[in-house]
Structure formats: structure tokens, C-alpha cells
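Let me begin by presenting the structure, written as C-alpha cells, before commenting on it.
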Amino acid sequence: MAQTLDGQTVLVVGGAKNLGLAIATRASELGAQVVIGARDDDAAVTAAAAVHNARPITIDITDEASIAAAAAELGAVDHIVATAAAHHNVAVTALDHDRVVTAFEAKVIGPLMLAKHFAPTMPPSGSIILFSGVAAWKPSPGKSIMGITNGAVAFAVDHLAAELAPLRVNAISPGIVDSGTWDGLPDADRAALFDGVAGSIPAGRVGTTADIVDAATWLLTAGFISGETIHVEGGARSA
């Protein structure tokens, strides 16, 4: 499959860091005009300056007015990738109502608002990529909200793909990936986490940023794939 995005505009919401920034960079390398959307203006500006043919825009995935303003400013885009998340990993008995709502806004409600405001002007060949996660299929204590919101994303792409057709809507469901997300852990703790994951799944390693970027690139250019959740997790669901 020829992978080119020449002449296309790709909006990456959450594109100022980690996986979002890596996807934005790859899209630019494939010829796209990239728009890096982030809640933090400075972060978006800094990231866009580091990516060829990119521009920043302010988008708060939890604020519909922000999404609507971005859609009005940008006009039509060809593709949207939304990587935003707001984790609330605590025991059910310790849940905070507002943080639960924010988690759903980041993963489910916000992407629905992106579809509401951007889909009407996107071309029939366009696509939306959302991010789920392996936690939806691997329940564990303290990860209920992560699992439930990620599971909701998988259902969302089914329904959005049907309603927005021929616009394609898909999701990527990563496992544990060394993408920068875990860099806040002490080195020994991060190494122990990665070693434990590698020893427990068929692939025998954690994911890399390239694994996820490759999947996103494929979905951006795979014109016959819609309504799917692509699991990039080294076989973790079967472990």
C-alpha cells in the first residue's frame, strides 16, 4: 500500500508530546500539512516549530467551545487523530466524580464533539483515529475507569463509522508502550514494569513508539478499513 499524505491536512489532538507528536512528525514526513492541537498554547507552538509544515492550534478536548472554535478556524481537514486521555486510576471506592467525568470527556465525549464539528466538512476520503487501550480487555483493580473509557472508544468507532460513512473511523488500542508516558517513574521502577510486561506477553517485549506510529500511518491510508479497533499490544489480551 502506498503511504502518502501529500496535499492532505492531518489534525493531531494531543499532538504536542509522546505518541501524538510522533504521529504528527510521521504525517509531515509523508507530505501532510500537520495541525498540532493541544490545550497548552505554548506546548502546541513549541511542538509545531519542531515539525516540518506544521502549525499549532488550541484545542481543549474537554471543552466543546474550544473544539468548535478550532473547527471554525481550520475549516476542512482530511484526517483527525485524537490521542488525549485523562487517567483516573484509583479503586472504585476512591473515585472522584469530577475526575471520572473528565476521563470520559477526554476519551469519549471530546472525540464525539470533534466528529460533530469537523465531520461535516471533511472529505469522503477522510478519517478519524481514536485511541483505546488494552486496559479495556484486561480488567484489573484500580484501572476500572481506564478500562471502561477505553472500551467505550471501541464501541464509539463502530457507531461513528456507520453514521459518518463514507468517512472512516477507527481506533488503535495500544498495550504498554515505551512512548514517554512512563518517564516519570524512577528508572528502576520503569525497568521493572517493562521487564514484567515483556515476560508476560507473547511478543516478549513492550511496545515502541514506532509500533503505534506505523499502525496510525496504515489507518490514515487504508481506504477500506472502517469501524475497527486495531490492537497493537503484543498479544497482551491472550496472555
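The values are calculated or read from the model by the stated rules, or taken from the named source; none is laboratory data. Since we're looking at a predicted model, the values are computed, not measured. For neighbour counting, all protein chains shown are included, and Cβ atoms are generated from backbone atoms with ideal geometry for every residue, glycine included. To get the accessible areas, we keep the full protein, side chains included, count just its heavy atoms, and leave off ligands, DNA and RNA. Shrake-Rupley method; radii C 1.70, N 1.55, O 1.52, S 1.80 Å.
Structure values in brief
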{"item": "The chain, relative contact order in percent, only Cα pairs under 8 angstrom and at least six apart counted", "result": "18"}
{"item": "Stokes-Einstein D for the range 1-45, Kirkwood Rh over Cα pairs, 10 °C, 1.306 mPa s (µm²/s)", "result": "151"}
{"item": "The range 1-132 - charge dipole about Cα centre, Lys and Arg +1 at Cβ, Asp and Glu -1, debye rounded to 20", "result": "280"}
{"item": "Descending semi-axes in Å of the chain, equivalent ellipsoid built from Cα gyration tensor", "result": "27, 20, 18"}
{"item": "GNM result for the chain, Cα springs below 10 Å: residue of ARG55, ARG190, ARG39 fluctuating most strongly", "result": "ARG190"}
{"item": "Net charge dipole size for the range 45-120 [Lys, Arg +1 and Asp, Glu -1 on Cβ; Debye, nearest 20]", "result": "180"}
{"item": "Cα centroid separation, the range 195-210 to the range 219-239 (Å)", "result": "17"}
{"item": "Nonlocal amide H pairs with ILE128, under 5 Å, H built at 1.01 Å", "result": "ILE80, ARG168, VAL169, ASN170"}
{"item": "Most fluctuating residue given options THR93, THR149, THR208, as computed from a GNM of the chain linking Cα atoms under 10 Å", "result": "THR93"}
{"item": "The chain - mean residue ellipticity at 222 nm from DSSP helices (-39,500 (n - 2.57) per run, n ≥ 4, rounded to 500)", "result": "-12500 deg cm²/dmol"}
{"item": "Å³ per residue enclosed by the Cα convex hull of the range 171-219", "result": "74"}
{"item": "Percent RCO, i.e. relative contact order, over the range 46-168, from Cα pairs under 8 Å lying at least 6 residues apart", "result": "28"}
{"item": "Difference of contour (0.36 nm per residue) and Cα-Cα distance, ASP6 to SER200", "result": "65.8 nm"}
{"item": "Among ILE201, ILE172, ILE59, residue whose mean-square fluctuation peaks in a GNM of the chain (springs only between Cα atoms under 10 Å)", "result": "ILE201"}
{"item": "ARG55-ALA222 FRET efficiency (beta carbon distance; Förster radius 41 Å; 0.05 resolution)", "result": "0.95"}
{"item": "ALA94-HIS159 pseudo-label distance in nm [points 7 Å out on the Cα-to-Cβ vector]", "result": "3.1"}
{"item": "Sequence of ILE67, ILE225 when ordered by accessible area, the most exposed leading, probe 1.4 angstrom", "result": "ILE225, ILE67"}
{"item": "Of SER144, ILE67, VAL81, farthest towards positive along the dipole that unit charges on Lys, Arg, Asp, Glu beta carbons give the chain", "result": "SER144"}
{"item": "Dipole-positive endmost among ILE225, LEU160, PRO174 within the range 137-232 (Cβ charges, Cα centre)", "result": "LEU160"}
{"item": "Potential extension, ALA152-LYS138 segment - 0.36 nm per residue separation minus Cα distance", "result": "3.6 nm"}
{"item": "Dimensionless Rg/Rh of the range 42-165 - Kirkwood Rh, Rg from C-alpha atoms", "result": "1.00"}
{"item": "Förster radius 22 Å - calculated FRET efficiency between SER125 and SER238 (Cβ-Cβ, nearest 0.05)", "result": "0.05"}
{"item": "Simple label model, 7 Å out from Cα along Cβ direction - VAL45 to THR181, nm", "result": "2.9"}
{"item": "Computed magnitude of the charge dipole of the chain (debye, nearest 20; Cβ of K, R +1, Cβ of D, E -1)", "result": "420"}
{"item": "Dipole of the chain, positive direction: furthest Cα of LEU114, THR25, SER125, with charges on the beta-carbon", "result": "SER125"}
